[in-house]
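J.: Take a look at the following structure, please.
The values are calculated or read from the model by the stated rules, or taken from the named source; none is laboratory data. This structure is a prediction, so every number in the text was calculated from the model and none was measured. For neighbour counting, all protein chains shown are included, and Cβ atoms are generated from backbone atoms with ideal geometry for every residue, glycine included.
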Amino acid sequence: MSDLDPASPAPAGPELSGRAGPGEATAQPGVAGLSPGALVFLASAAGLFLELALIRWVSCEVRVFAYFKNLVLVACFLGFGVGCLSSRRAVDFRPALAMLVALCLLVRAPFGFLDTYGPRSVSTALSNMPGLMVFQAVDPHYLASHSGGLAYALAWTAALFLVLALLLVPFGRATGAAMRRIPDPLRAYSINVAGSLVGILGYTFATTQLLPPVCWFPPVALSCVWLSPERKSATAMLAATLALIVVLFPNDSPADYVIWSPYQKLAVKDGVHVTSNNIGYQTMMKMPELPPEGPVPQDRFHLPYVVRRPAGAVLIVGAGTGNDVMAALHAGAASVTAVEIDPVILAIGKADHPQHPYADPRVEVVLDDARHYLKTTDRTFDLIVFSHLDSHTVLSSYTNVRLDDYIYTVESLRDARRRMRPGGILYLSYLCEELYIAERLGRNLALAFGHDPLGFRVESKAARGMIQLARFLTGEPDCMPLLEAAAAAWTEPLRIDLGKSTVPPSSDDWPFLPLSVPHLPLLVKILSGVVLALSVGLCWRLRPAGEPFDGRVFWLGAAFMLVEVHNVSRLALHFGTTWQVNAWVIGAILGAILLANAACGWLRRRGAAAKGWIVVALFAALAAVYFVPQDRFLDLPRSLGAVCATLLLTSPIFVAGLLFADAFADSPAPGFALGWNVLGGVVGGMTESLSYVVGIPGLVPIAACFYGLAVLWPTRRAAAVATAAAPPVLPATANA
């Protein structure tokens with residue numbers, strides 16, 4: 001007899017509303033005879049693995065989702081949350097897997113019309129509208145004249161967002177249905193968190209092994225065989241697994257191969273051209289030998305050696321495939337320290353660069369985040385080269401901060417100044433899509449060094465006021481006359497009156513280099529409206545009849561997401577903005593939740609009424625996170641500072657976890673409670689865009705407001721929920 005058969009005895013504990021009522025489906029996930037706990041674990045692990053895979057894959061293939069990466073995160077949270085809330089409906093993975101196969105076909109199929117009209121064309125349509133993708137003010141008249149292209153791009157974006165949400169719905173349903181069969185809600189939630197942690201670790205392992213998407217999606221599809229309620233569905237899911245393998249199988253030739261690094265999709269074309277996420281990145285060039293005397297070529301690689309030759313000890317941050325390294329070697333560098341964050345880019349440079357600069361004994365390769373290296377190294381240099389550290393839309397998986405944002409802040413440039421020897425020079429070159437970005441870089445350098453830098457513009461486009469390259473040279477004040485004399489013959493100086501410039505500098509608290517001023521960009525507002533409409537529509541369509549809104553767990557979920565995003569951004573200063581940060585931060589957060597669950601269970605078994613002091617401790621922890629400067633930890637020894645910062649930033653999660661565990665333990669329907677909590681995360685994910693206005697630390701007070709709503713929200717009464725009418729089950733084929 002099924003655990004949810006109406007004729008079976010009611011389970012013990014506050015589980016009444018989770019039982020099947022008249023007309024409900026009695027079939028449960030798991031044809032393999034898995035226990036409810038095993039089903040919760042497997043569904044949670046597979047769901048989170050799929051979420052992370054989608055965040056990375058879609059953001060690489062459709063660039064609009066790279067500029068707004070939390071769109072994929074919000075879509076996955078929405079789908080999983082709605083799935084938990086609709087867990088009384090039949091669980092059917094077949095429609096979701098069919099949509100996943102269709103999505104992969106749309107992106108991967110080698111048909112020319114898909115490049116013009118398919119999902120990838122979204123970014124092209126938006127990038128042709130100045131200001132939308134770079135985040136400056138947009139001329140309404142210009143936008144009106146391009147309304148057709150904007151509508152086209154938004155339609156594709158909305159369709160993809162909806163598909164991504166629907167992909168996670170059955171995983172939420174399977175999780176919620178299995179959680180209803182576990183008498184102890186707190187134990188069910190702990191299993192869910194443990195499964196999520198395994199999903200993160202599994203995807204992190206796939207990332208470290210440089211596995212391509214063909215190794216991501218088919219295993220998830222295969223896991224659905226064990227999660228499906230009917231044996232007849234197994235054939236369809238095995239077919240979907242095979243289809244995904246065929247569609248995603250790499251078909252690259254040796255002269256045109258693709259590698260999925262921990263950060264991005266890298267392709268090498270014709271042996272020398274490297275693309276990142278389907279756009280141009282670098283070309284490995286044969287650098288010319290420099291004459292013993294005479295003029296030095298004024299290209300971006302050789303320009304700093306006009307004033308520094310022989311080069312001495314050179315630090316190159318963002319060394320890439322080795323062009324800058326080769327230029328330094330030709331300029332007579334005594335030593336070159338090449339810092340690069342992506343191990344695959346380094347491997348490509350070592351293997352394919354025609355001059356093999358990394359094989360020179362004078363070169364030391366450092367695999368690290370540039371900001372992190374500048375902060376932690378004790379070495380000094382004669383010349384520091386910032387070599388186009390442009391992340392090419394690569395962002396963290398959980399925040400809108402770009403990988404390169406922190407390297408150009410005032411604080412980072414001050415770190416670089418401390419690494420310069422007497423008479424040392426800093427050279428910075430950056431691709432600026434708008435003049436204000438060059439102004440911001442100039443202001444940041446001026447604040448870091450105490451005087452205006454020398455600036456130069458290259459390949460200006462007067463039609464749009466665009467600077468394709470902005471270059472800066474600076475050093476200590478006594479070096480500036482020498483730099484000015486050596487640069488007298490250079491063309492197109494970058495004339496910026498920094499004293500009159502209204503462009504704000506970027507800092508560790510507000511690191512958004514491409515944003516003109518603190519504001520919500522127009523495209524963010526538009527996409528937020530689209531996401532809100534789709535979220536409301538999907539929740540309305542699949543809402544559980546008679547299930548009231550659980551405000552406590554909802555607002556706890558919203559606050560949790562904001563604190564999580566804040567922690568990812570802040571801990572990047574300690575660990576570097578590397579792929580390990582996400583795994584470390586999310587692992588620490590889930591570990592804190594498991595500890596909170598254990599502590600809550602211990603308190604409840606002893607009848608401890610601890611809500612009052614928990615609330616006080618929560619807001620005290622938030623105040624400490626907000627007011628304690630992160631520099632205090634950066635000045636400590638590396639490991640100690642990182643551990644202390646992690647403990648401080650994770651403390652609100654642990655304390656709030658006690659509140660959530662207490663609310664969850666009292667929940668009459670743990671699957672529904674998890675659904676409301678995850679949907680709260682959708683609100684938190686959308687609210688994260690306010691960091692563009694208030695900065696990264698400003699997310700903490702917003703999270704405190706959400707926590708306040710959770711604390712003040714009336715406690716649900718189990719009796720009222722237990723009498724809620726159960727909706728009739730829909731046929732599996734009619735479900736989303």
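J.: In segment 193-235, how many are more than 22 Å from the chain's Cα centre (by Cα) and in a helix (DSSP H, G or I)?
T.: Final tally of qualifying residues: 12.
J.: Quick test for you: out of 713, 676, pick the one residue that is buried (at least 20 other Cβ atoms within 10 Å of the Cβ), more than 19 Å from residue 625 (Cβ to Cβ) and of a type in the set (Phe, Trp, Tyr).
T.: 676 is the lone residue from the list that is buried (at least 20 other Cβ atoms within 10 Å of the Cβ), more than 19 Å from residue 625 (Cβ to Cβ) and of a type in the set (Phe, Trp, Tyr).
J.: Which of the residues belonging to segment 502-525 are surrounded by 16 or more Cβ atoms within 10 Å (Cβ to Cβ) and farther than 12 Å from residue 695 by Cβ?
T.: 503, 505, 513, 514, 516, 521, 522, 523, 524
J.: Considering 656, 617, 663, which residue is touching a residue at least 24 places away in the same chain (Cβ under 8 Å) and in contact with a Lys or Arg (Cβ under 6 Å, 6 or more places away or on another chain)?
T.: The match here is 663.
J.: Could you tell me which residue of segment 188-224 is surrounded by the most Cβ atoms within 10 Å (Cβ to Cβ), considering only residues that are touching a helix residue (DSSP H, G or I) at 6+ places or on another chain (Cβ under 7 Å), over 24 Å from residue 108 (Cβ atoms) and among the aliphatic types (A, V, I, L, M)?
T.: If we take residues in segment 188-224 being touching a helix residue (DSSP H, G or I) at 6+ places or on another chain (Cβ under 7 Å), over 24 Å from residue 108 (Cβ atoms) and among the aliphatic types (A, V, I, L, M), then 188 is surrounded by the most Cβ atoms within 10 Å (Cβ to Cβ).
J.: Something else: So which pairs qualify, if the first residue must be in segment 101-119 and on the phi > 0 side of the Ramachandran plot and among the hydrophobic types (A, V, I, L, M, F, W, C), the second must be surrounded by fewer than 16 Cβ atoms within 10 Å (Cβ to Cβ) and at pLDDT below 75, the Cβ gap must be under 7 Å, and the two must be at least 6 apart or on different chains?
T.: none
J.: Only one of (1) surrounded by 16 or more Cβ atoms within 10 Å (Cβ to Cβ); (2) modelled with pLDDT of 90 or more; (3) not polar (S, T, N, Q) is not met by residue 229, so which one is it?
T.: Of (1) surrounded by 16 or more Cβ atoms within 10 Å (Cβ to Cβ); (2) modelled with pLDDT of 90 or more; (3) not polar (S, T, N, Q), only one is false for residue 229: (2).
J.: Oh, and also: Counting only residues that are of a type in the set (S, T, N, Q) and more than 13 Å from residue 383 (Cβ to Cβ), which one in segment 309-358 is surrounded by the most Cβ atoms within 10 Å (Cβ to Cβ)?
T.: Looking at residues that are of a type in the set (S, T, N, Q) and more than 13 Å from residue 383 (Cβ to Cβ), I get 321.
J.: Of these, 29, 110, which one is over 26 Å from the mean Cα position of the chain (by Cα), at pLDDT below 80, in a loop (DSSP other than H, G, I, E, B) and crowded, with 24+ Cβ neighbours inside 10 Å?
T.: Result: 29 is the single residue among 29, 110 that is over 26 Å from the mean Cα position of the chain (by Cα), at pLDDT below 80, in a loop (DSSP other than H, G, I, E, B) and crowded, with 24+ Cβ neighbours inside 10 Å.
J.: Does segment 299-337 hold any residues that are of a type in the set (D, E, K, R) and over 35 Å from the mean Cα position of the chain (by Cα), and which are they?
T.: The answer is 308, 309.
J.: Also, quick follow-up: Here is a list: 267, 243. Which entry is closer than 30 Å to residue 174 by Cβ and not in a loop (DSSP other than H, G, I, E, B)?
T.: That would be 243, the only listed residue that is closer than 30 Å to residue 174 by Cβ and not in a loop (DSSP other than H, G, I, E, B).
J.: Please determine whether any residue of segment 542-556 is assigned to a helix (DSSP H, G or I) and among the β-branched types (Val, Ile, Thr).
T.: Checking segment 542-556: at least one residue is assigned to a helix (DSSP H, G or I) and among the β-branched types (Val, Ile, Thr).
J.: Oh, and also: If you take the residues of segment 557-579 that are of a type in the set (Val, Ile, Thr) and assigned to a helix (DSSP H, G or I), which of them is modelled with the lowest pLDDT?
T.: So the residue we want is 568.
J.: Here's something else I'd like to know. Right, residue 250: part of a loop (DSSP other than H, G, I, E, B) and crowded, with 16+ Cβ neighbours inside 10 Å or not?
T.: The answer is no for residue 250.
Here's the yes/no breakdown for (1) touching a strand residue (DSSP E or B) at 6+ places or on another chain (Cβ under 7 Å); (2) more than 30 Å from residue 196 (Cα to Cα):
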site	(1), (2)
214	no, no
227	no, no
236	no, no
245	no, no
256	yes, yes
259	yes, no
273	yes, yes
